[in-house]
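Notes follow once the structure below has been shown.
The values are calculated or read from the model by the stated rules, or taken from the named source; none is laboratory data. Since this is a predicted model, take the numbers as computed values, not measurements. Using ideal geometry, Cβ is built from the backbone for each residue, glycine included, and neighbour counts are taken over all protein chains shown. Heavy atoms of the whole protein, side chains included, go into the accessibility calculation; ligands, DNA and RNA do not. Shrake-Rupley method; radii C 1.70, N 1.55, O 1.52, S 1.80 Å.
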Amino acid sequence: MERARPAALGRGCLLWAALAAPALTAHRLGMNEPRALWQQLAGLGVLAAATAVSRRLPLAAFGLAAALSLALAPALFSVSYGPALGLFALLLGLRAHRTAPAALCFAAVGCAGTVKIALTGPDPVPEWLVLTGTLLFGCVFPWLGGRYWRQSRELTAAGWLRAARLEEEQRLTEERARLRERSRIAQDMHDSLGHELSLIALRAGALQVAADLPGHHRAAASDLRAAAADATDRLHRIIGVLREDDEPVPLAPAGENVEQLVARAAESGLPVRWESGGQDTAVAPGGVAERLLHRVAREALTNAARHAPGAPVVVAVTGDDVRGATVTITNGRPAERSSPPPGGGSGLLGLRAAVTAVGGTFEAGPHADGYRVRAYVPARADTAARPPRPPSAPFTRARRRVAAGLGASAGAGVVLVGSAIGWYAYTETRAVLEPAAYAGLRLGAPAGEVAQVLPDRDVRDPPTERAPAPPEGTDCRYYRASGELFVSVDHFRLCFDDEGRLAAKDVIPRVGLSGEGREEYEEFAP
């Protein structure tokens with residue numbers, strides 16, 4: 001804290017020095033009218049106060065700079081304090097979070113400048129245009145730039161924070177995916193090995209009832225059948241025993257379809273019949289649909305062998321590559337039911353989730369005297385299994401509206417500033433009195449004679465602070481000696497008495513020159 005205060009004080013002093021430099025040098029370079037010493041000191045004091053409060057009270061700092069600019073020029077534009085005005089507007093947008101106070105302050109500055117121009121301005125129209133352009137380009141745009149800068153920094157910080165969160169979420173997602181994969185592998189192992197164990201139990205049962213088998217071999221076959229059934233039950237309870245770094249492997253025979261699965265089950269002794277509906281191939285081989293149909297049929301045949309031994313089973317597949325395929329496994333009434341029906345088993349629940357995930361339907365429940373499992377898998381199961389594409393950026397339209405608003409504001413500002421510059425150039429060039437014409441004017445000439453050489457307009461903002469005191473009882477008019485713009489030029493003053501005669505003519509030199517400018521123009525006299 002102790003080190004931060006001197007550093008902040010040093011930065012404040014450097015900022016004040018940078019803002020004070022234009023105020024001290026503008027009039028010496030001829031870019032501003034000279035001011036009294038006390039006015040310069042007062043301006044430096046106001047800049048120091050604005051710099052001091054700019055960090056904690058940026059709105060107050062901008063208000064001080066705007067008041068100083070309005071005091072110097074009703075149109076708000078000045079070389080001395082223009083940089084300070086723009087800088088404090090930038091800091092206002094950078095450090096203030098609320099928008100309404102800044103908007104109200106801009107409106108107050110515009111209203112105050114308009115009132116002052118209307119009351120004291122010699123030519124209100126161009127001064128009001130300059131005020132509007134200065135307020136837009138010197139205040140509002142820097143303020144918007146500061147807000148954009150601040151929001152960019154906040155978005156950058158939020159982006160890094162979001163990146164860290166996304167990395168953590170990605171790690172958690174990968175962990176969940178790994179766990180889901182382990183669970184899937186365990187479930188596939190249960191389904192595949194459970195099916196194979198059921199077929200082993202069927203073969204052992206067939207061997208047990210063989211007439212030519214000795215008694216001790218028949219007892220061994222009975223024990224084998226019971227051991228296979230117990231192994232199936234234990235496999236159902238112990239699923240999460242895979243190693244962490246095991247890779248998923250295909251647990252079903254490579255290239256086996258539903259018809260081949262049914263044939264293998266029939267060879268093992270399961271009373272199962274295949275019905276294809278007269279169609280050769282219902283789905284494309286090797287796809288998600290075929291694997292789901294194989295998995296449904298395998299689980300249903302395993303349940304039929306375990307819970308309805310001896311009951312006839314019918315497997316039917318209908319459909320095509322366009323509409324999708326439906327597999328139906330129906331078993332009849334068993335001779336002796338060994339356990340409750342499998343309607344609430346975890347295997348069927350997993351099948352339901354897998355089928356519905358690709359847009360299919362799954363049904364399992366009692367049917368007639370037995371049990372039926374039916375699953376419909378759409379032909380586009382591979383497409384349905386893919387994650388949806390992320391939506392387009394939600395802020396595209398908002399960005400376009402902001403860009404259109406900024407473009408419209410910039411266009412309006414360009415029009416205003418261009419109009420002000422055009423009006424300024426028009427009025428200033430129309431108030432130029434040629435040096436030769438000025439030198440040819442003689443004192444005492446009537447106003448009608450003098451009017452023949454005078455320009456269309458006179459100067460509306462004359463340099464009265466540099467001019468000598470005019471003669472009493474005269475009406476004075478000021479004209480420019482040159483058509484140069486945006487710089488200080490010499491002026492001619494012509495004073496007329498009550499009778500309309502030229503009573504005095506004076507040369508008011510530009511900033512930086514002394515009063516010997518009169519002789520420079522007298523050389524044009526005839």
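Mind ranking Phe88, Phe141 by accessible surface for me, highest first, 1.4 Å probe?
Phe141, Phe88
Cα atoms only, the range 430-470: Rg and Dmax in Å?
That works out to 11.6, 29 Å for Rg and Dmax.
I'd like the distance between the alpha-carbon centres of the range 49-120 and the range 412-481, rounded to an integer number of Å.
Cα centres, the range 49-120 to the range 412-481: 33 Å.
Taking amide H positions as placed in the peptide plane 1.01 Å from N, state which residues far from Leu270 in sequence (5 or more) or on other chains have amide H under 5 Å from it.
When sequence neighbours closer than 5 places are left aside, there are no close amide H contacts.
Ranked highest first by the average count of other Cβ atoms within 10 Å around their residues, in what order do 164-175, 455-466, 306-317 fall?
Result, highest mean Cβ count within 10 Å first: 306-317, 455-466, 164-175.
Please sort 427-437, 101-111, 151-161 by packing, taking for each peptide the average over its residues of neighbouring beta carbons within 10 angstrom, highest first.
Going from most to least packed, we get 427-437, 101-111, 151-161.
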